[in-house]
Each structure stands twice: as structure tokens, then as C-alpha cells.
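What follows is a short report on a single structure.
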Amino acid sequence: MAITGKDHDRQAAGGRILSPLLHVVFFLSGIGTVLIGQVLPYFERAFSLSDGQLALFFPAQFAGSVAGTLISGIFGRRSKLKQATVIGAAGMAAGILMMNSGELSLVLLGFCLNGIGIGLTLPAINLLVLEMNLHRTASALSLLNFYWGAGAIVAKPFVDLTSNATSGLLFTTLLLAIPLAAGAVLLSLIPISSKDRPEPEPAASGGNGLWAMPLAWAIAAFHFVHVGFESGMGGWITTYSERVAGAPVTNLLSPTFLYFLFFVLGRALGPILFRYFNENRAIVLGLVLVLVGLAIALSASSTGQLSLGSIITGIGTSWIFPTNVSRFYNSFGPEAARRATPLFICGTIGATAVTWGIGAVSSLTGDLSYGMLVLVAAALLLFVLQIIIVLVANARRKN
């Protein structure tokens, strides 16, 4: 079917709008992803829940994320990543609205639906941006994830400013769901030009062969633990701050705000860092900072010390996610972008395991500080996995 000049102009205009709109939706997705950690204290009080019961919110959201990621993979293999993003943004909007239902079962269902939306949206947008920037993958993904981090930064003050004892989370959920729904509608109306639309994969593609390689699973295992660490830190830092302070921490420069602020600033430094460090050295530097930050944060007896530890931890973990995704792509070439579903699923399952593990250990011991030690175990395991990845990659190059 021939493309008319008018159609070409519409596609060109759509291409100019697509990238900024994807970044805006990714920003909103950042708020939606970490919202769970910011509203846990509210639900703890509203439903009189223990830490073990609070931990169930995370499997609800991340189970949805696994399902969404699987569905996203199906869309990806059919070159329908934009459609996956549209459905995901709409799903997040619906799930976030359900969080204000006042019924625990419906709230948990809302977190699950929000998770499905996250699972659809995050991988799809990552891969869309990667495919639109094949010659600068690491910096493009760092910039994209900067937007996610910016959303994570504003999540805590956003909840503090829009929720109260009278209306609960009504305004919080409305003010987030409405722009997500609007983003879904706008994305659905934007045509993708042929240069932005990758060719569908042949049915007989041999891309699945990369998952027969030990290096792919080593990188996926690293992703499992690291996304788990990020989710555990981001999900429990607000509740942990209240335990250290002995009261809700609502000031702007809270440990949660500072963690996500420096998490984002660290990602902004990523392109500069890559001028002096290769991927492996950058990851090791980040892990060292993470351990230093955790040592300070988890020994804190005041919010000031906790804030310092949160800052260092946020900087350290900031560039590890995009660097690991870029490492996966660079190790296996263009086919990796269309066969990345297991990678993202591993990350989602890791997020479930670590966030639930923190709550489970806290409930078992009666002290959240013991639960937060799960983060230390995760950071140490990342060092071990990094060594394994380097050894396997070197052996692969020799062969």
C-alpha cells in the first residue's frame, strides 16, 4: 500500500512527538512503580497491618508485573511495542484508581493491575528507546531511566502533598491516574514512521539461542538481584525512616526523597562515567558505594545519618540497571532487544523476592532493621555475580 505525502507528514510529526511522550509516560511510570512504598504506612494504619501483612502488597504488584512482562514480550516479538505501552499505561491508571477503594481485597487487586501495567510499559518503552538509539544505547537508556528516577523522586512529596486523613488517597490516585490515561490515549493516536518501526522477526528466528548461553543467564541473575535490591530499598525506606524517627517523616528532605534524588543524579552522571570506566568497572564502583551507603543507613540512630546513607546508596545503585541492560545488548547484538523478556521477568521476580523477604524477616524477628539486612545480602551477592559474569564473558571471548 502506497504512502501518500499527507501520510508521510503525519508519520514524521508522530515520530517527533513519540520520543518525548515516551519519556513523559516513563516519568509517570516511575511514580506508579515506587508508589507502593510511599503508601505502605497509610495502609498499615488504615487496615492495622503487620510488616508481614504489608509485605503481601509487593507480591500482588510484582505478580502482575511478571504477567505484564510476559505479555510485553509477545507484543515485542510482533513489533507492537507501542501498543504494549498504551495498554500498560491504561492498566496502571485503572489499578491506581482501585487503590482508593477502601477494601483491602480491591486495593491488592489494584496493585496487581498496576503491576500488569508496569510490566507492559517499562520493558516496552526501554526497548522502543533502545531501537530508536542503536548507536548510543547506554547513554539513551541512562537518559530514559533518568526520567523514571525523576518520577521516583517526586513520589514521596507527591503523596505527602495530595493525601490527608480526610480524603485519604483520593486526590493522590486521581492526579496520577488521569495523566497516565491521557498518555495512553495520545500514544494510541501517534503513527510510527517506518524508520522507527523495526521489522517483525521471522518465525524461524534463531534468537532464542542466546538463552542457551551461560552469559545470558548470568546477566539475568545479576538483574534478578539488582532489581530486587532497588525495589527493596525504594519500597521499604519510607517505612524504615518512620521506625528510626519514631513518627511519620513528612519533611521534603526525607531519606526517601534524598535516596531517589541522588539515584537520579547518579544516572545523569552515567554518560560522564563511561568516559573513564568500562561497564564492568562502573558496576563495581557502584556496588562499593552501595555497601558503604548501607553500612551508614542501617546503623543509623537518627534521620540525619539515615539520609546520608540513603544518598550514598542512591548514587551507587543509580547507573547499575541501565549498564547491565546495555551490557546484555552489547553482548548479544540486535537480537537481544527482541529476546529480552526473560531478563525483565528475572528482574520482576527478584523485586518480589527481596521486597517480600524484607517484610518476612521483619515479621519473624519483630524488627524491621533485621529485615533490611536482606539488602546487604543482595549487595554482597551482586559482587559474586559480577565476578562470575566477568569470568564467563572472558571465557566466551577466548572461544
In the range 299-339, what count of residues is obtained for those that are closer than 23 Å to residue 390 by Cβ and outside any helix (DSSP H, G or I)? 3
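Of all residues in the range 340-378, count the ones that are over 22 Å from residue 246 (Cβ atoms) and either without any contact (Cβ under 8 Å) to a residue 40 or more places away in the chain or assigned to a helix (DSSP H, G or I) (or both). Spell out the reasoning first.
Filtering the range 340-378 down to residues over 22 Å from residue 246 (Cβ atoms) leaves 340-357, 360, 364, 374, 376-378.
Pick out the ones that are also either without any contact (Cβ under 8 Å) to a residue 40 or more places away in the chain or assigned to a helix (DSSP H, G or I) (or both) and you get 341-357, 360, 364, 374, 376-378.
The number of residues fulfilling the criteria is 23.
Could you please give the count of residues in the range 95-105 that are of a type in the set (A, V, I, L, M, F, W, C), assigned to a helix (DSSP H, G or I) and closer than 18 Å to residue 33 by Cα? Outline the logic, then answer.
Start the filter on the range 95-105 by keeping residues that are of a type in the set (A, V, I, L, M, F, W, C), which leaves 96-99, 104.
Within this subset, residues satisfying the condition of being assigned to a helix (DSSP H, G or I) are 96-98, 104.
Now drop any that are not closer than 18 Å to residue 33 by Cα, which leaves 96-98.
Of the residues in the range 95-105, 3 are of a type in the set (A, V, I, L, M, F, W, C), assigned to a helix (DSSP H, G or I) and closer than 18 Å to residue 33 by Cα.
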If I ask for residues that are part of a helix (DSSP H, G or I) and surrounded by fewer than 23 Cβ atoms within 10 Å (Cβ to Cβ), which ones from the range 55-72 would you list? 59, 60, 63, 66, 67, 70, 71
Just one of 111, 146, 171 is at pLDDT below 95 and under 18 Å from the mean Cα position of the chain (by Cα); which is it? 146
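Yes or no: residue 26 of a type in the set (Phe, Trp, Tyr), in a helix (DSSP H, G or I), touching a residue at least 24 places away in the same chain (Cβ under 8 Å) and out of contact with any helix residue (DSSP H, G or I) (no Cβ under 6 Å at 6 or more places or on another chain)? Reasoning before the result, please.
On the way: of a type in the set (Phe, Trp, Tyr): yes; in a helix (DSSP H, G or I): yes; touching a residue at least 24 places away in the same chain (Cβ under 8 Å): yes; out of contact with any helix residue (DSSP H, G or I) (no Cβ under 6 Å at 6 or more places or on another chain): no.
So residue 26 fails the test.
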Of the conditions (1) part of a helix (DSSP H, G or I); (2) without any contact (Cβ under 8 Å) to a residue 60 or more places away in the chain; (3) of a type outside the set (Gly, Ala, Ser); (4) in contact with a Phe, Trp or Tyr (Cβ under 9 Å, 6 or more places away or on another chain), residue 33 fails just one. Which one is it? (2)
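State whether one or more residues within the range 126-143 are within 30 Å of residue 49 (Cα to Cα), part of a helix (DSSP H, G or I) and touching a Leu at 6+ places or on another chain (Cβ under 8 Å).
First pass over the range 126-143, keeping only residues within 30 Å of residue 49 (Cα to Cα): none.
Scanning the range 126-143, I find no residue that is within 30 Å of residue 49 (Cα to Cα), part of a helix (DSSP H, G or I) and touching a Leu at 6+ places or on another chain (Cβ under 8 Å), so the answer is no.
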List every residue pair whose Cβ atoms sit under 9 Å apart, with the two residues 6 or more apart in sequence or on different chains, where the first one lies in the range 282-302 and is at pLDDT 95 or above and the second, anywhere, is among the acidic types (Asp, Glu). none
So is residue 394 touching a residue at least 40 places away in the same chain (Cβ under 8 Å), out of contact with any Phe, Trp or Tyr (no Cβ under 7 Å at 6 or more places or on another chain), part of a helix (DSSP H, G or I) and loosely packed, with under 15 Cβ neighbours inside 10 Å or not? no
Among the residues of the range 168-190 satisfying the criterion of being out of contact with any helix residue (DSSP H, G or I) (no Cβ under 6 Å at 6 or more places or on another chain) and not in a helix (DSSP H, G or I), which is surrounded by the most Cβ atoms within 10 Å (Cβ to Cβ)? 169
Report, ordered by the first and then the second residue, all pairs with beta carbons closer than 6 Å, sequence separation of six or more or different chains, a first member in the range 318-339 that is modelled with pLDDT under 85, and a second member that is among the aromatic types (Phe, Trp, Tyr). 336/328; 336/329
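Given the condition surrounded by fewer than 22 Cβ atoms within 10 Å (Cβ to Cβ), in a helix (DSSP H, G or I), in contact (Cβ under 8 Å) with a residue 24 or more places away in the chain and in contact with a helix residue (DSSP H, G or I) (Cβ under 6 Å, 6 or more places away or on another chain), answer yes or no: does some residue in the range 158-167 qualify?
no
The values are calculated or read from the model by the stated rules, or taken from the named source; none is laboratory data. Quick caveat: nothing in here was measured; it's all calculated off a predicted structure. Because the Cβ atoms are built from the backbone with ideal geometry, glycine has one as well, and the counts that use them run over all protein chains shown.
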